[in-house]
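Step one of this worksheet: look at the structure below.
The values are calculated or read from the model by the stated rules, or taken from the named source; none is laboratory data. The shown structure was predicted, so the numbers you read here are calculated from the model rather than taken from an experiment. For neighbour counting, all protein chains shown are included, and Cβ atoms are generated from backbone atoms with ideal geometry for every residue, glycine included.
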Amino acid sequence: MTQAESLNDSESIERARNLLGRAYFLLYNYTLAMENHLRSNTAIENSQINDPVFALDVYSNLANDYFRQGDLEKAVAFYHRALDMFDGLERDSKSFAQKYMEISQNYKAVGKLTMAREYALRSLALYEMRDEQRLVGLTHQRLGKTLEKQNNLDEAEQEYRRAIAIEQDLNDAVSASTCHTSLAELLLKRGRTEEAEKEAQEALTFARASGDAQAHGQALIALAQLRHEAKDYAAADELFTEALDLLDSSQAHEIAASAYFRYANLLEERGEVQRSLNAIKKAYEHQRQGKRGDIE
């Protein structure tokens, strides 16, 4: 507190005061805790500090002070004020990372570079954490694919569900769509078509939200296979055509090749040999393009 006062920086003083109040609270001196927190609250109300994270902390501390002193009505009021600071903000790491960066830019605009840097680092740390969590989720998905190839379908399903839980918590639409698609195709393989339909629709919803052509195409492929299984070949063809157009344009040659091979197999099952051969040609074309890209 003394160091903050020596800097003659009102914001540093109020941040130190808020921490001092918290220290008094932990020492069971609720009167001094509230006194310090109320002064920090005054700084917020007077617009000396326009930092929603700081306001959240001060309001929460005041609510705790009032609760300890038995003033439940004021405690409830300040808990609501604390929650209102992030009203409308999704409670996921991406939204908080974006909010921290927004606060950083606001501090930068008024020349408070130390605080700008602090919030920029917080934002960066959250983005890095998200990357690590995303990798964990996709590792579960890839393990599921490997187990599925080994025909270990029970464990594969468990891995896909673990992946979905992680990716949805991250609010990552592309990864969530990929994981739902994998689960949908596995459930179709196991004959659980109603569950597969639900997962495929989830995959499509996430894919559309993401705007990612590859995720969108893969989700449509899963739905197309379900329509084929139901012998609704017209709907299946329509979905396959839309999916393959998306994959063609996305330059995802390996994924597109796999999709064309799957479509070729289903066309062959129907006895549509020429269309099956055309799909196989497209699959090989994508394989060649993919290899050419590797060489380049």
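A compact table of results
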item	result
Some residue of the stretch 198-219 being within 28 Å of residue 132 (Cα to Cα) and part of a loop (DSSP other than H, G, I, E, B)	yes
Within the stretch 159-194, tally of residues that are assigned to a helix (DSSP H, G or I) and closer than 17 Å to residue 142 by Cβ	22
Check on residue 275, free of Cβ contacts under 8 Å to residues at least 60 places away in the same chain, closer than 16 Å to residue 226 by Cα and among the charged types (D, E, K, R)	no
From the options 232, 212, residue that is of a type in the set (Asp, Glu) and under 21 Å from residue 248 (Cβ atoms)	212
Positions within the stretch 103-128 being out of contact with any helix residue (DSSP H, G or I) (no Cβ under 6 Å at 6 or more places or on another chain) and within 20 Å of residue 172 (Cα to Cα), in sequence order	124, 125, 128
In the stretch 256-296, the residues that are surrounded by fewer than 16 Cβ atoms within 10 Å (Cβ to Cβ), of a type in the set (A, V, I, L, M) and at pLDDT 90 or above	273, 277
Within the stretch 139-191, considering residues that are in contact with a Cys (Cβ under 8 Å, 6 or more places away or on another chain) and hydrophobic (A, V, I, L, M, F, W, C), the one farthest from residue 201 (Cα to Cα)	163
Top-ranked residue of the stretch 68-127 - restricted to ones that are touching a Pro at 6+ places or on another chain (Cβ under 8 Å) and in a helix (DSSP H, G or I), ranked as surrounded by the most Cβ atoms within 10 Å (Cβ to Cβ)	103
Output for the stretch 19-65, where each listed residue is loosely packed, with under 15 Cβ neighbours inside 10 Å and hydroxyl-bearing (Ser, Thr, Tyr)	28, 31, 42, 47
